[in-house]
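Presented below is the structure to which this report refers.
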Amino acid sequence: MQKSPRNSKNSSKASDRNPTSLISSSKTKDPDDQLKSFRIRAFTWISGLLVMLGILKFGNPIILQDQLQTPKEWIEWIFFAWPMETAYALFAAWVLIGIRALPFRKSTLPKFLWLPLIWLGWQFLSGLFTVDKSLTQTVLAHFIVLIGLFYGGYFLLSRCDSLHGISIMATIGLVITMWSGTEQKFGGLEATRQMIYQQSYWQTSYPEAFLKKAMTDQQWLQTVRSDPNLLKNAAAEYGFSSRLEYAGEEGSPLERDLAFLEKIGKDRVFGTLFYPNAFAAAILLLSPFSLFCLWNATSRLQTPSRLLILACFALWAIACIYWSGSKGGWLVAMIVMCLAFLFAKVPRTLKVGLVFVMLMGGGGLFSWKYQDYFQKGATSVGARFEYWRAAWETSLDHPVLGTGPGTFMRAFSKIKTDGAEMTRLPHNDYLQQASDAGWPSAIFYAVWMFGSLYWLRPKKLGDHPMREVIWLGLVALALQNFIEFGLYIPAIAWPYFLLLGWLWGTSEAGSTPFQKPQQV
């Protein structure tokens with residue numbers, strides 16, 4: 001009984017000698033700090049929900065939203081894509097919840113991070129002189145969301161050193177879309193093809209002979225789609241000439257139906273996204289993040305068991321990329337794995353050996369898998385060169401402001417060569433910036449993207465695993481966007497810009513000032 005006062009006295013003296021411990025204890029018990037911590041945790045989970053819904057429900061390119069129908073019944077809301085009005089409502093709710101998570105971790109911006117606002121401002125300036133106001137307004141709304149996500153990641157999510165909420169929800173979304181792709185591989189696509197023969201819409205619109213021909217002879221269908229005269233001949237031969245009445249209209253039923261038949265006829269999986277290459281891009285972006293999430297989630301297991309789970313998930317992701325038939329995704333995956341080997345904490349000779357095995361093994365399998373494709377002329381590669389040529393010529397004709405954000409298809413329709421398949425996007429985000437909004441926009445965007453990836457690069461793997469896996473995913477998508485259009489697909493662009501903002505906010509390069517993030 002006599003020791004308690006003495007201990008209390010000693011404790012008081014210790015507190016006098018170390019006032020910071022008393023302050024820390026006071027802060028820990030401060031209800032305001034606990035409320036702020038709860039709000040930022042909630043904001044992290046809600047951000048993860050936004051990412052997950054993006055993967056599952058907003059996998060169509062932004063300029064194809066006019067072809068989506070709003071679900072009417074609850075079952076349609078579960079299985080069908082959602083219109084962008086829903087996405088904007090979700091983003092508005094995310095912003096309001098983010099405001100509740102104030103104050104910001106950062107109070108000012110490094111000079112470099114004014115570049116996104118300059119880029120967005122140039123998009124609006126270009127939009128004043130657009131050749132298609134409707135397309136431009138749609139794309140500008142999408143860009144506003146991306147910039148909001150970037151700065152939300154920088155100012156708010158950077159208060160969290162570990163993104164448990166986002167990593168878990170993003171992993172769930174990735175698992176669902178990979179499961180969907182796997183189901184498509186093992187019977188789903190064939191079931192859809194059989195369903196087409198039975199549905200009344202297809203039965204009354206097209207003869208069964210045409211449907212069978214379209215879904216079994218992809219080269220013939222692609223040729224017919226790209227040549228109006230051949231399309232007329234096919235319509236006369238198979239007896240659906242009445243469908244040609246609307247063929248010249250943008251987003252016509254005939255155009256939509258032929259694109260769907262081509263998509264389903266190919267034995268390429270696409271999960272919950274618009275098409276196979278977008279599916280591969282989502283896996284490239286999020287699989288390193290998800291692998292890290294699984295490693296943490298299995299912390300109570302023994303190391304061999306954890307490694308087995310990670311190996312199974314990684315093989316599943318690789319299989320999905322393989323089933324997607326994305327040649328660019330295959331090559332980008334090889335490059336990113338080589339980068340991971342180069343940054344790994346292993347002897348240099350082992351690094352060189354691993355990179356050599358990856359390049360030779362992956363390159364050899366790639367050549368074997370697609371030898372028939374290249375022997376037939378690599379039609380998709382030739383098509384991309386045609387798109388890039390058109391985008392280059394458009395950028396030279398309109399070097400300052402372009403033709404307006406999202407309007408590449410308007411320029412392409414005027415200068416495409418005879419027989420070239422029509423497209424809405426040039427399959428190169430960086431070149432499309434020059435075509436749509438001029439070379440200043442392309443320079444701003446390229447400096448922002450590649451400057452960020454350079455300054456935020458890890459020195460070596462293991463120092464900050466969360467930042468490193470996110471960086472690898474961002475690099476993968478940045479490379480993929482040289483041959484695709486990830487910038488214009490919400491399912492891919494949302495997590496990319498959100499995580500890029502977080503990466504800046506938690507880096508020393510983005511500190512102004514820097515305070516230690518919370519463990520959330």
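Some notes on this structure:
- Taking segment 136-159 as the range and being more than 18 Å from G486 (Cβ to Cβ), of a type in the set (A, V, I, L, M, F, W, C) and crowded, with 24+ Cβ neighbours inside 10 Å as the test, the residues that pass are L156, L157.
- Residue under evaluation E255, criteria (1) surrounded by fewer than 16 Cβ atoms within 10 Å (Cβ to Cβ); (2) more than 18 Å from G173 (Cα to Cα), criterion not met: (1)
- Check on W220, within 30 Å of M52 (Cα to Cα) and either among the aromatic types (F, W, Y) or outside any helix (DSSP H, G or I) (or both): no
- Boolean, L189 is surrounded by 15 or more Cβ atoms within 10 Å (Cβ to Cβ) and more than 18 Å from W323 (Cα to Cα): no
- Filtered by the rule that a residue be of a type in the set (K, R) and out of contact with any Phe, Trp or Tyr (no Cβ under 6 Å at 6 or more places or on another chain), segment 328-360 gives K345, R348.
Conditions tested, residue by residue: (1) within 26 Å of E183 (Cβ to Cβ); (2) among the basic types (K, R); (3) in the same structural domain as F80 (by TED's automatic domain parsing); (4) loosely packed, with under 14 Cβ neighbours inside 10 Å.
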{"position": "P288", "(1), (2), (3), (4)": "yes, no, yes, no"}
{"position": "C293", "(1), (2), (3), (4)": "yes, no, yes, no"}
{"position": "Q302", "(1), (2), (3), (4)": "no, no, yes, yes"}
{"position": "R306", "(1), (2), (3), (4)": "no, yes, yes, no"}
{"position": "M337", "(1), (2), (3), (4)": "no, no, yes, no"}
{"position": "Y370", "(1), (2), (3), (4)": "yes, no, no, no"}
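- In segment 466-482, the residues that are buried (at least 23 other Cβ atoms within 10 Å of the Cβ) form Cβ pairs under 7 Å with partners that are among the acidic types (D, E), at six or more places apart or across chains, as follows: N481/D429.
- Hits in segment 315-349 (condition: hydroxyl-bearing (S, T, Y) and over 17 Å from the mean Cα position of the chain (by Cα)): Y322, T349
- Scanning segment 322-369 for residues that are in contact (Cβ under 8 Å) with a residue 60 or more places away in the chain and either farther than 22 Å from A478 by Cβ or in a helix (DSSP H, G or I) (or both) returns W323, S324, G328, G329, V332, A333, I335, V336, L339, A340, F343, K345.
- Residues that are more than 29 Å from L285 (Cα to Cα) and basic (K, R) within segment 175-208 comprise just one, R193.
- No other residue among D418, D436 is of a type in the set (D, E), farther than 21 Å from S226 by Cα and either buried (at least 19 other Cβ atoms within 10 Å of the Cβ) or out of contact with any Ser or Thr (no Cβ under 8 Å at 6 or more places or on another chain) (or both) apart from D436.
- For the residues M84, M52, the requirement of being farther than 28 Å from V400 by Cβ and touching a His at 6+ places or on another chain (Cβ under 8 Å) singles out M84.
- Residue check, T223 surrounded by 18 or more Cβ atoms within 10 Å (Cβ to Cβ) and either under 33 Å from the mean Cα position of the chain (by Cα) or outside the structural domain of L113 (by TED's automatic domain parsing) (or both): no
- Extreme residue, nearest to G271 (Cα to Cα), among residues of segment 293-318 that are aromatic (F, W, Y) and modelled with pLDDT of 95 or more: W316
- Checked against the criterion of being out of contact with any helix residue (DSSP H, G or I) (no Cβ under 6 Å at 6 or more places or on another chain), at pLDDT 95 or above and of a type in the set (G, A, S), the candidates G121, G54 yield just one match: G121.
The rows are residues; the columns are (1) assigned to a helix (DSSP H, G or I); (2) in contact with a helix residue (DSSP H, G or I) (Cβ under 8 Å, 6 or more places away or on another chain); (3) not assigned by TED's automatic domain parsing to the domain that holds A259.
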site: Q194; (1), (2), (3): yes, no, yes
site: T204; (1), (2), (3): yes, no, no
site: A209; (1), (2), (3): yes, yes, no
site: L230; (1), (2), (3): yes, yes, no
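- Selected residue [surrounded by fewer than 21 Cβ atoms within 10 Å (Cβ to Cβ), out of contact with any Phe, Trp or Tyr (no Cβ under 9 Å at 6 or more places or on another chain) and part of a helix (DSSP H, G or I)] from A282, A311, A235: A311
- Taken over segment 161-192, the criterion of being of a type in the set (S, T, Y) and not in a helix (DSSP H, G or I) is satisfied by S162 alone.
- Criterion: without any contact (Cβ under 8 Å) to a residue 60 or more places away in the chain, touching a Leu at 6+ places or on another chain (Cβ under 9 Å) and assigned to a helix (DSSP H, G or I) - qualifying residue of L120, L125, L53, L49: L120
- Failed item in (1) under 30 Å from D463 (Cβ atoms); (2) out of contact with any Gly (no Cβ under 8 Å at 6 or more places or on another chain); (3) surrounded by fewer than 13 Cβ atoms within 10 Å (Cβ to Cβ), with K376 passing the rest: (1)
- Residue ID - modelled with the lowest pLDDT, chosen from residues in segment 394-425 that are over 20 Å from F124 (Cα atoms) and among the small types (G, A, S): G419
- Count of residues meeting criterion [in a loop (DSSP other than H, G, I, E, B), farther than 27 Å from S252 by Cα and without any contact (Cβ under 8 Å) to a residue 60 or more places away in the chain] in segment 392-425: 3
The values are calculated or read from the model by the stated rules, or taken from the named source; none is laboratory data. Source: prediction; values computed, not measured. A quick note on method: Cβ atoms are made from the backbone with ideal geometry, for glycine too, and the neighbour counts reach across all protein chains shown.
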